[in-house]
There are 2 protein chains.
Amino acid sequence: MADTTTKTAGQAIDERAVNAIRALAIDATQQAGSGHPGMPMGAAPMGYVLYTRVMKHNPRNPSWWNRDRYVQSAGHGSMLQYSLLHLTGYDLSMEELKNYRQWGSKTPGHPEVNHTPGVETTTGPLGQGISTAVGMALAEAHLAARYNRPDFEVIGHHTYVIASDGDIMEGVSSEASSFAGHHRLGKLIVLYDDNHISIDGPTSITFSEDVLARYQAYGWHTQRVDDGNNLKALEQAIQAARQEDGRPSLIAVRTTIGFGAPHLGGTSKVHGSPLGEKEARAAKENLGIDWPAFSVPEDVLTHYRRALPLGAEAEAAWQQLYRSYRKAHPEAAAELERVMAKKLKAESLAHLPVFSAGEGGIATRKASQQVLNSLAADLPELLGGSADLAASNYTDLEGASAISRDNYGGRIVHFGIREHGMAAIANGMALHGGVRPFVATFMIFADYLRPALRLAALMKQPVIYLLTHDSIGLGGDGPTHQPVAHLMSLRAIPNVTVIRPADGNETAQAWAVALRHRNGPVVLALSRQALPHLDVPADSVARGGYLLAKEAGDPQVILLGTGSEVQLCLAAKEVLEQEGIGARVVSMPSFELFEEQEEEYRETVLPRSIRSRVAVEAGASLGWQKYTGLDGATVTLDHFGASGAGDVVMDKFGFNVETVVAAAKRIIG
Amino acid sequence: MADTTTKTAGQAIDERAVNAIRALAIDATQQAGSGHPGMPMGAAPMGYVLYTRVMKHNPRNPSWWNRDRYVQSAGHGSMLQYSLLHLTGYDLSMEELKNYRQWGSKTPGHPEVNHTPGVETTTGPLGQGISTAVGMALAEAHLAARYNRPDFEVIGHHTYVIASDGDIMEGVSSEASSFAGHHRLGKLIVLYDDNHISIDGPTSITFSEDVLARYQAYGWHTQRVDDGNNLKALEQAIQAARQEDGRPSLIAVRTTIGFGAPHLGGTSKVHGSPLGEKEARAAKENLGIDWPAFSVPEDVLTHYRRALPLGAEAEAAWQQLYRSYRKAHPEAAAELERVMAKKLKAESLAHLPVFSAGEGGIATRKASQQVLNSLAADLPELLGGSADLAASNYTDLEGASAISRDNYGGRIVHFGIREHGMAAIANGMALHGGVRPFVATFMIFADYLRPALRLAALMKQPVIYLLTHDSIGLGGDGPTHQPVAHLMSLRAIPNVTVIRPADGNETAQAWAVALRHRNGPVVLALSRQALPHLDVPADSVARGGYLLAKEAGDPQVILLGTGSEVQLCLAAKEVLEQEGIGARVVSMPSFELFEEQEEEYRETVLPRSIRSRVAVEAGASLGWQKYTGLDGATVTLDHFGASGAGDVVMDKFGFNVETVVAAAKRIIG
């Protein structure tokens, strides 16, 4: 508020600096005609304290390894972060703030990593930011344990979060917070913007739990700051949280949404709409903001830009430490630099297991385990685990220990029965860098983690998903556990590469593709049941689809299959060719990789002229018509599964040679 | 354990009765060669106390309205429930228990509603059962408030849950439990099977939170029973929970997984695998089970079957009460009977709004609001709300009040920022009966609630989903909020009917379809942006796809569109026909409904002979090839969106007349 009391010069500049954020939030949302001014206006003091008094960051080098991470989980209040980035000297101009929420700007409605310098993760879908931050803190703890040496704390930073009521209500944050408490991630500090308002009104209409008590139950250190405008109290609470390094910290900060807006402040009306011209003017008057729109008084800017020399000094000191570390520990440094640069070790893919065709067979989930373990020694950055299904997903690394509060250097992560939290934590690990996370569960539970998987795709983060029990072939657990829509639904998400290998050899190649892939998550869909080994030419999986078995004579029909259904295609081919029908078998482990091939290659596999095509996959038909068109057929599953022995269920639902043969004859005839 | 102390006759029969459950769980999993014996062996005393001493249920009439509901959230322990159903006299024979997990049996791996008499909801995916139970308790409280009259408590029952560690770890249960605590659903009683074991080992490897403290923070009444075999303590705790009718109750019951198995009991090895012959024998000996496999001693069966006369009496008493109620309150009774029978009121669809073509336009989300409000007075069973986006989803019922702890008779539900919990709660409401739930959020957040939506589909529950902001057309909120894969991913789920209306009139028809649809969830995909009103013939939406604008002359190309993109098809048709190209526009609001039509009808809309087809939808292309085949084209979106004004984003990504026209010409030419 415009003050009438006497202030010190420091207090005065602090207040103007905080109000500069509020002013920019008001201006940008007014200009855009949309957006969320209330959160930035209420949380401005928190952001100010973090960026100017607490955080170790260098605005000139947002990718400095050892910076503190800031995650604005309340992504809708993006103008808070954009204002702070501009004010402290990141490469984000006033022009960009004027173009808030406009096409082509660096200031989208919600913060996007790799789009705006200084943004660490993409937020907006509530609950994700805080959960992603848990992964960042986990990665930090792991790398510190792995690479720091006596007198050389080359990894050592905090992860700060501002979270909203929505973040706290979402189940994913409950999962991740329980995980963080269990693992005692003491360098994770969450400021909870406790403003008592959500979109539909006061939070009291549906949210009356005791949040601090809940977080205490998770094993967190908790504090309360009663006045969100009290900078000193904020700073003290954050310092206390830093000192409590054995537990993550939650600080509930009582704020007023839209602070300063005389009529709308403290109400849900200021959550998701601009103030309107009149209220904007009144708010500025009320706050003592007497400078023009989209400007920053020089004293305020000077005050903020002290972040530049401070950041440069902090990084320089670290660089000096790092140079000494590299001399003292050249091997550790070389490895650390390699993993931070996301480079594979050259020899890492040289020892992939090979499975001899004809020699029985194993489930692709088991093949995956062999592959994973063949890679683990060469790639210490490979780190992950399962959501309490390790013995079914086959994710354990032989001889490795689990990450725990007493052993952050472990490599197996026990995520617990928290699929969504797991995926969000993996995003944070990948974003942090230095680790290559893999996660696992049954494919059916991909639905539980889908929002975080989508964010991995949007952020182009290379998280590896091992989704086993990939069809009705899993058997007795029944339809609650049998995926039907999952394969196609995952293929529909942009930037997700889905690979469903047909045997151990395709599985090995799929892992190689996954490790080389840097621009998004890769899903390996793996069978519960054993599958015979196939003769798979090198680099076939990387092509997405390939000619697995050439037709005898002229091709009259193409049988396309994935995973466990490829063997059905091979068997059907034999039957058809006994009847003189030339049948080609195409193994199609990945739609996405196949689409990336040149048309010439695709034409050799699926000649346009051959319209008689049968797709065979124990999943939804929708999407297969991309390859089978209006003249082909699908042997697929457009209803839910059933409990029963896996082979019986498969057969009853038409996944047998007869059905494939009949479909082929029907479309030829 | 085999006892050496002296017992009363009552204690002896209790122990044999509890062990009869354990024996059947051992036998069935041994016979199946798979399944989960550990949970039923540990939790048998809880189940025994519930089914024989606590619950009001009539095994001869599992659909008696006023029965207590039992939800086994730990669905993997299905043999606990199957044993109890068999033992207390439900229509589930010993033969069915012998066929556990086999094709065609009534005893699938996880309990399935409408498949096995006495099963109230399908469980297995963890966290769902307990959250669904919250919805049952909410429906009960609502109906009681709505229909009970002084001296006539015709609705009044409890909802009991047995939940596992996994249920408690999953985020969805956190959301639903917070909601239940807020709403003080005192008739919800959860027994938490606190056995310290999950699949990967002791829960201590990843789960060390204080569960009771967490539930207290949610506003629940909590208790602890230290010995899960102490029947008296269990019964007392449940009675205390019943007396505490102002808060939901959680009772943490310390049990031993696989209780009685001398070597594997208390370990994760007994969680998900049969004991093996030797250990099974040893366990039976240890427990004093001296009767043959798949049998029940006569005294034990007699003891259990007392449930039959008790249940018959309980229902008879209620029937008598109900007959008096019907006489005293015939109108209330008639309405209650109608809503319990899931019948629409005849006139309810008579007042749907009509929007005149050419008179401007509105967003389909707003049209939906008008439709909803036109229905609300006639259909008091219509009950629901939004996950904190009511003012954006337009779900508020005019003049209605919100459900709250002080007003269970309200009709608006404030679900909070808990999409997943919302969907699971809605499942419980639908399963309970007497209410017709609708839920709402942005379409992007359908990912958050997908596991519960899938269960609604699997259980064929008619929950209505209003998913607004259905494309990149939402604009400035950016790619975090712009659905791309969502439409197609929802279409891929069996039993889900997705309808994306193109204007207000299609929206009104879509609502009519949704209300008449009884066999699964219906999703209405609604626009944020205004759309012009169209001339929509009656019952067009029910057909799924229809000829909206006939070609001039011969049809050379078919333009298929949904929702906001239908207008692009109409505009493109005009341009094409100015150039002499006959273009037909097919509005295709629902793939599923179209596929249900007879081939003859489908052929009139999409003649097989016309292969030049362009699909236009601001979503993933995958799946559209079902209609466009190998010779058609799609104007769709196979990458993420971007922040910017909605019309700009649409245009930049090719959703404009030029692109549609060009695509049409390309495939014709």
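The values are calculated or read from the model by the stated rules, or taken from the named source; none is laboratory data. Keep in mind the model is a prediction, meaning the values are calculated, not measured. Cβ atoms come from the backbone with ideal geometry, glycine included; neighbour counts cover every protein chain shown. Note: areas computed on protein heavy atoms with side chains; ligands, DNA, RNA excluded. Shrake-Rupley method; radii C 1.70, N 1.55, O 1.52, S 1.80 Å.
Key figures
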{"read-out": "Members of the stretch A:252-299 found to be in contact (Cβ under 8 Å) with a residue 12 or more places away in the chain, among the basic types (Lys, Arg) and either within 14 Å of another protein chain (Cβ to nearest Cβ) or part of a helix (DSSP H, G or I) (or both), listed by number", "value": "A:LYS284"}
{"read-out": "Candidates A:GLY428, A:GLY385, A:GLY361 - the one that is within 14 Å of chain B (Cβ to nearest Cβ), of a type in the set (Gly, Ala, Ser) and in contact (Cβ under 8 Å) with a residue 40 or more places away in the chain", "value": "A:GLY385"}
{"read-out": "Test for B:ARG53: is it in contact with a helix residue (DSSP H, G or I) (Cβ under 7 Å, 6 or more places away or on another chain), over 19 Å from B:ASP165 (Cα atoms) and open to solvent by 20 Å² or more (accessible area, probe 1.4 Å)", "value": "yes"}
{"read-out": "A:LEU321 touching a residue at least 40 places away in the same chain (Cβ under 8 Å) and of a type outside the set (Val, Ile, Thr)", "value": "yes"}
{"read-out": "Single match in B:VAL614, B:VAL605, B:VAL635 (criterion: more than 21 Å from B:ALA492 (Cα to Cα), hydrophobic (A, V, I, L, M, F, W, C) and either within 31 Å of the chain's Cα centre (by Cα) or more than 12 Å from chain A (Cβ to nearest Cβ) (or both))", "value": "B:VAL605"}
{"read-out": "Any hit, the stretch A:135-147, residues being more than 9 Å from chain B (Cβ to nearest Cβ), of a type in the set (A, V, I, L, M), within 23 Å of the chain's Cα centre (by Cα) and open to solvent by 10 Å² or more (accessible area, probe 1.4 Å)", "value": "yes"}
{"read-out": "Residues of the stretch A:643-669 satisfying the condition of being under 23 Å from A:GLY623 (Cβ atoms) and within 11 Å of chain B (Cβ to nearest Cβ)", "value": "A:VAL649, A:MET650, A:PHE653"}
{"read-out": "Odd one out for A:GLU419 among (1) within 9 Å of another protein chain (Cβ to nearest Cβ); (2) without any contact (Cβ under 8 Å) to a residue 12 or more places away in the chain", "value": "(2)"}
{"read-out": "Selected residue (only one of B:THR123, B:THR132 is in a helix (DSSP H, G or I), open to solvent by less than 20 Å² (accessible area, probe 1.4 Å) and either within 12 Å of chain A (Cβ to nearest Cβ) or touching a strand residue (DSSP E or B) at 6+ places or on another chain (Cβ under 7 Å) (or both))", "value": "B:THR132"}
{"read-out": "Matching residues, the stretch B:60-113, being away from chain A (no Cβ under 14 Å), of a type in the set (Gly, Ala, Ser) and either buried (at least 18 other Cβ atoms within 10 Å of the Cβ) or touching a residue at least 12 places away in the same chain (Cβ under 8 Å) (or both)", "value": "B:SER83, B:GLY89"}
{"read-out": "Residues of the stretch A:478-494 classified as at the interface with chain B (Cβ under 7 Å from one of its Cβ atoms) and in contact with a Lys or Arg (Cβ under 7 Å, 6 or more places away or on another chain), total", "value": "1"}
{"read-out": "Scope the stretch A:430-489; condition on the phi > 0 side of the Ramachandran plot and within 11 Å of the chain's Cα centre (by Cα); matching residues", "value": "A:LYS460"}
{"read-out": "Enumeration of residues in the stretch A:514-532 that are open to solvent by less than 20 Å² (accessible area, probe 1.4 Å) and either more than 12 Å from A:ARG500 (Cα to Cα) or aliphatic (A, V, I, L, M) (or both)", "value": "A:ALA514, A:LEU515, A:GLY520, A:PRO521, A:VAL522, A:VAL523, A:LEU524, A:ALA525, A:LEU526, A:LEU531"}
{"read-out": "Filter result for the condition that a residue is under 30 Å from A:GLY476 (Cα atoms) and under 28 Å from the mean Cα position of the chain (by Cα), over B:VAL211, B:VAL270, B:VAL253", "value": "B:VAL253"}
{"read-out": "Those residues of the stretch A:101-129 which are in contact with a Pro (Cβ under 6 Å, 6 or more places away or on another chain) and either over 16 Å from A:SER173 (Cβ atoms) or outside the structural domain of A:GLY33 (by TED's automatic domain parsing) (or both), in sequence order", "value": "A:PRO117, A:GLY118, A:VAL119"}
{"read-out": "Selection count, the stretch A:457-477, where residues are more than 8 Å from chain B (Cβ to nearest Cβ) and closer than 22 Å to A:THR364 by Cβ", "value": "13"}
{"read-out": "So B:ARG281, is it at pLDDT 95 or above, surrounded by fewer than 22 Cβ atoms within 10 Å (Cβ to Cβ), under 19 Å from B:GLY47 (Cα atoms) and basic (Lys, Arg)", "value": "no"}
{"read-out": "Selection from the stretch B:293-309 of residues that are in contact with an Asp or Glu (Cβ under 9 Å, 6 or more places away or on another chain) and open to solvent by 40 Å² or more (accessible area, probe 1.4 Å)", "value": "B:ALA293"}
{"read-out": "Pair list, Cβ < 8 Å and 6+ apart or interchain, from the stretch B:203-223 residues that are facing chain A (nearest Cβ under 7 Å) to residues that are open to solvent by less than 20 Å² (accessible area, probe 1.4 Å) and part of a strand (DSSP E or B)", "value": "B:PHE207/B:SER198"}
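So that you can scan it fast, the table gives a plain yes or no per residue for (1) crowded, with 24+ Cβ neighbours inside 10 Å; (2) at the interface with another protein chain (Cβ under 7 Å from one of its Cβ atoms); (3) in contact (Cβ under 8 Å) with a residue 24 or more places away in the chain; (4) closer than 23 Å to B:ASP388 by Cα:
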site: A:VAL161; (1), (2), (3), (4): yes, no, yes, yes
site: A:MET169; (1), (2), (3), (4): yes, yes, yes, yes
site: A:ALA176; (1), (2), (3), (4): yes, no, yes, yes
site: A:ALA180; (1), (2), (3), (4): yes, no, yes, no
site: A:ARG184; (1), (2), (3), (4): no, no, yes, no
site: A:LYS187; (1), (2), (3), (4): no, no, yes, no
site: A:ASP193; (1), (2), (3), (4): yes, no, yes, yes
site: A:GLY201; (1), (2), (3), (4): no, no, yes, yes
